[in-house]
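> I have a structure I would like to understand better, so I am pasting it below and will then ask my questions one at a time.
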Amino acid sequence: MAFLADRLKRIKPSPTVAVTAKANELKAAGHDVIGLGAGEPDFDTPEHIKQAAYDAIASGKTKYGPPPGIPALREAICRKLKRDNGLDYSPAQINVGTGGKQTIFNALMATLNPGDEVIIPAPFWVSYTDIAALMEGEPVVVNCPAETGFKMSPAQLADAITPRTKWLMLNNPSNPTGAGYTKSELKALADVLMAPENSHVHVMTDDMYEFLVYDGFEFSTMAQVEPGLMDRVLTLNGLSKAYCMTGWRIGYAAGNADLIKAMNMLNSQSTTSLTTFVQWAAIAALDGDHSFIAEHNAVFKERRDMVVRMLNETPGIDCQTPIGAFYVYPSCKDLIGRKTPDGKVIETDQDFVTYLLEDKGVACVHGEAFGLSPHFRISYATSTEALEEACRRIQAACQALS
Ligand code: GLU
């Protein structure tokens, strides 16, 4: 009898986490590696947020928290959703999780029965399909190639819906492409969901990159563009990216009170609550000064422009300019079939990123992990100097192919 559970056969280790770990391991062993794998800002957590955590520890806010999240944080989240998104949620409609990943995990665990379908536009963040599969759901992947801006059309959504559809998972702006749905594009998708025959479909909207937008892009979210969907939308967000708090693990969900109650129950049986003093720091982040976000975005935009330019100067690589997040998702289609100096044929995007890591010490994530090949993802949330050097190495790697 096998010791490990069969359910584990449905998933694999997170490729983004694995690439980051591999790059760190190589660096620790003394190799000259530039890690462009992790979606993790290189900026430190702002001082006023850290101070709130120190203060919370000093004043003994170190005990178990309530599973939904401490009331003061849930109230701060309601204020945020009203201020930034015009959404009216009450604290009973908020669940605080240990990272965005746990809120997705809990939402799918709370709702999927075996065979329930989850529509996931590709390219997608690597964990969506695996979490859905782990919960015995069926990921229904909808191909959204570069030619259509990596975005799903209303017709594609309508075609993907079946009587078994439970969720649509939308990530806006997107990890890994940085593409963003405009308000009218979101409304067109919402119109499909408002059709009477689709009233069984719910939407999980992952807004983690809400504040990381460039070129005047205006962020909108599903519950805002179509209030008629309010009860069927689960609005997901977190503090990892915009607030440079990846390791603090703060995610939250806002939605239908019954679903939130179920997610709270899962917290009560797993983590109990997010670390209490971290929750006090989250309040300081949400209610505090946000001016650092614009400062960071100015730097991210410069880096984005440099990376896109240098990649498009590289023979065999084609890179769109994204409007958000801190990723680019170039195509390496024209490199497939070429040979490395060692005589290895590049057959897949996995082969290409392996070549970049082994020959040039540049760590990126292969497109296959995000469900759309042949591409690769670069995170430009790293220092400008390191990025420039990494792009030079990618150029050299491509030029060396025969
Ligand atoms: N979300 C980030 C990424 O895509 C962090 C790693 C992960 O959890 O996937 O790189």
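Each value in this text was obtained by applying a stated rule to the coordinates, not by laboratory testing. Fair warning: this is a prediction, and the values are worked out from it, not measured in the lab. Because the Cβ atoms are built from the backbone with ideal geometry, glycine has one as well, and the counts that use them run over all protein chains shown.
> Work out, in µm²/s and without decimals, the Stokes-Einstein translational diffusion coefficient of segment 213-354 at 25 °C, 0.890 mPa s, Rh from Kirkwood over C-alpha pairs.
My calculation gives 128 µm²/s for D.
> Also: Apply the Kirkwood formula to segment 166-286: the hydrodynamic radius equals the inverse of the mean of 1/r over all pairs of different alpha-carbon atoms; give it in Å with one decimal.
Taking every pair of different Cα atoms in segment 166-286, averaging 1/r and inverting gives 15.7 Å.
> For the residue pair Gln269 and Ala294, what label-to-label distance in nm results when each label sits 7 Å from Cα along the Cα-to-beta-carbon direction?
4.7
> What do you get when you divide the Cα radius of gyration of segment 322-377 by 2.2 N^0.38 Å, with N the number of residues?
For segment 322-377, the normalised Cα radius of gyration is 1.13.
> I would also like to ask the following. How many percent of Cα pairs in segment 132-227 exceed 21 Å?
Pairs farther apart than 21 Å: 32 percent.
> Same structure, new question: To the nearest 10 degrees, how steep is helix 100-111 against the longest Cα principal axis of the chain, on a 0 to 90 scale?
Roughly 60 degrees between the two axes.
> While we're looking at this one, here's another question. Considering only His375, His202, His48, give the residue with the highest GNM mean-square fluctuation for the chain, with springs between Cα atoms whenever their separation is below 10 Å.
Looking only at His375, His202, His48, the biggest GNM fluctuation is shown by His48.
> Under a Cβ-Cβ cut-off of 14 Å, what is the net charge of the residues other than Ile77 that fall near it, where Lys and Arg count +1 and Asp and Glu count -1?
Cβ neighbours under 14 Å give a net charge of -1.
> Sticking with this structure for a sec: Quick one: what are the phi-derived ³J(HN,Hα) couplings along segment 184-200, Karplus 6.51/-1.76/1.60 with θ = phi - 60°, whole Hz, x for glycine and proline?
Using θ = phi - 60°, the values come out as 6, 5, 5, 4, 5, 5, 4, 4, 4, 6, 7, 4, x, 6, 10, 6, 8 Hz.
> Further question on the same structure: Pull up all non-local amide H partners of Glu138: gap of 5 or more, or a different chain, and H-to-H distance under 5 Å with H placed in the peptide plane.
Excluding prolines and chain starts, which carry no amide H, the hits are Gly115, Asp116, Glu117, Val118.
> Taking amide hydrogens as modeled 1.01 Å from N in the peptide plane, which residues meet the under 5 Å criterion relative to Asn171, leaving out close sequence neighbours?
Long-range HN contacts for Asn171: Asp206.
> Shifting gears a bit: Work out the length of the dipole vector of segment 301-357 about its Cα centre, built from +1 on the beta-carbon of each Lys and Arg and -1 on the beta-carbon of each Asp and Glu, and round it to the nearest 20 debye.
Value, rounded to 20: 120 debye.
> Still on this structure: Kirkwood hydrodynamic radius, the chain, all distinct C-alpha pairs: what's the number in Å?
21.8
> Considering the convex hull of the alpha carbon atoms of segment 1-110, report its projected area averaged over all viewing directions, in nm², one decimal.
Orientation-averaged projected area of the Cα hull: 12.1 nm².
> Could you give each residue of segment 300-312 its phi-based ³J(HN,Hα) in whole Hz, using Karplus coefficients 6.51, -1.76, 1.60 with θ = phi - 60°, and x for Gly or Pro?
4, 5, 4, 5, 4, 4, 5, 5, 4, 5, 5, 5, 6
> Using 0.36 nm per residue, how much length does the chain from Glu25 to Thr348 gain when fully extended, once their Cα-Cα distance is taken away?
113.9 nm
> Can you find, among His48, Ser402, Asn143, the residue sitting farthest towards the positive end of the charge dipole of the chain, where Lys and Arg contribute +1 and Asp and Glu -1 at Cβ?
Final value for the positive-end residue is His48.
> With axes computed from alpha carbons, what is the tilt in degrees of helix 276-287 against the longest principal axis of the chain, rounded to the nearest 10 within 0 to 90?
For helix 276-287, the angle is close to 80 degrees.
> How large is ³J(HN,Hα) for each residue in segment 316-330, as worked out from phi by the Karplus curve 6.51 cos²θ - 1.76 cosθ + 1.60 (θ = phi - 60°), to whole Hz, x for Gly and Pro?
Values, residue by residue: x, 10, 10, 10, 7, 8, x, 9, x, 6, 9, 10, 10, 9, x Hz.
> Of the cross-linked pairs Lys27/Lys80; Lys12/Lys50; Lys12/Lys166, which ones have a Cα-Cα span greater than 28 Å in the structure shown?
Beyond 28 Å: Lys27/Lys80; Lys12/Lys50.
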